[in-house]
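Okay, so here's the structure we're looking at.
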Amino acid sequence: MQAHKWRHDLIFSALDGDYLSLKVIRLALLENMEKKSIQSDDQAQETTACEVSLTVMIKQGSHDNDPMSPLTLTGQGVGLIDAGFEALVNHFADKYPSLKSIQFASFDVRGEAEQSVRAGADGRCVARLVIKNSDNEPLEFEDSGRSMAAVSLQVVLSAVEHFINAERAFISIYKALQDARNRGRQDLVEGFTSKLSELVKTTSYTEVIARLRSEINL
């Protein structure tokens, strides 16, 4: 993951190792290759209808032996990436509303041909995804592998994983900040406030803060 590595350490530290990881292990794809025209605000565009079913492994924790659980998701879109992203956001956005504030800025996959004794295109693929957050700040994610479909979906999962954990870290620090204020620990307040100021650069947490204030009657 290329997106703001300097912030990743803050997120991981705030979660105290309780990091949520996502990995796609199975994909079923049904795509109608017949192109259809749709009219956008400024021009006509050609799209294809796509349905996906994903099996995603979820691991919560930083150790190799932490338990993993499978999750099957379905989604529809104008292509594999759009449908996969819809499947993930539809499932996770109710619990992690900050996912609603992000948008794709660009996506591309390039092949890196390798010498092979057999015919065919069996080189590595590199997928690069740029996400725009609520402040239109670009965040870049990258993944590579042998399968174009697999790396394309995994880079989307990497982006969703990043934003989910950033929100979880924000909640953890926000609660710690309120506790420090209640106990009159100004030394801790300053540290937690500084960390929150970094995390809010990830994306908007307006809805998250409203939920937290409702929970603790602020």
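None of the figures in this text is laboratory data; all of them are computed from the coordinates on show. This is a predicted model, so every value here is computed, not measured. Neighbour counts are summed over all protein chains in view; Cβ atoms, including those assigned to glycine, are modelled from backbone coordinates with ideal geometry.
Extension gain for ALA28 to ASN90 (0.36 nm times residue separation, less C-alpha to C-alpha distance): 20.6 nm.
The H on the amide N of ASP66, modeled in the peptide plane, is under 5 Å from the matching H of no residue at least 5 residues off or on a different chain. Per-residue Karplus couplings for region 203-209, computed as 6.51 cos²θ - 1.76 cosθ + 1.60 with θ equal to phi - 60°, are listed in order as 5, 6, 10, 4, 5, 5, 5 Hz, Gly and Pro entered as x.
Around the amide H of TYR19, modelled in the peptide plane, lie the amide H atoms of GLY61, SER62, all under 5 Å away and 5 or more residues distant in sequence or on another chain. Between ASP9 and SER214, full extension at 0.36 nm per residue minus the direct alpha carbon distance yields a gain of 70.9 nm.
Extension gain for LEU71 to GLN186 (0.36 nm times residue separation, less C-alpha to C-alpha distance): 37.1 nm. Backbone phi angles across region 68-85, fed through the Karplus curve with coefficients 6.51, -1.76 and 1.60 (θ = phi - 60°), yield HN-Hα couplings of 10, 10, x, 9, 9, 10, 10, x, 10, x, 8, x, 4, 5, 4, 5, x, 5 Hz in residue order; Gly and Pro are listed as x. Legend: calculated FRET efficiency, SER53 to GLU198, from the Cβ-Cβ distance at R0 = 41 Å, rounded to 0.05, equals 0.65. In this label model, ARG146 and ASP16 are separated by 4.2 nm, measuring between points 7 Å along each Cα→Cβ vector.
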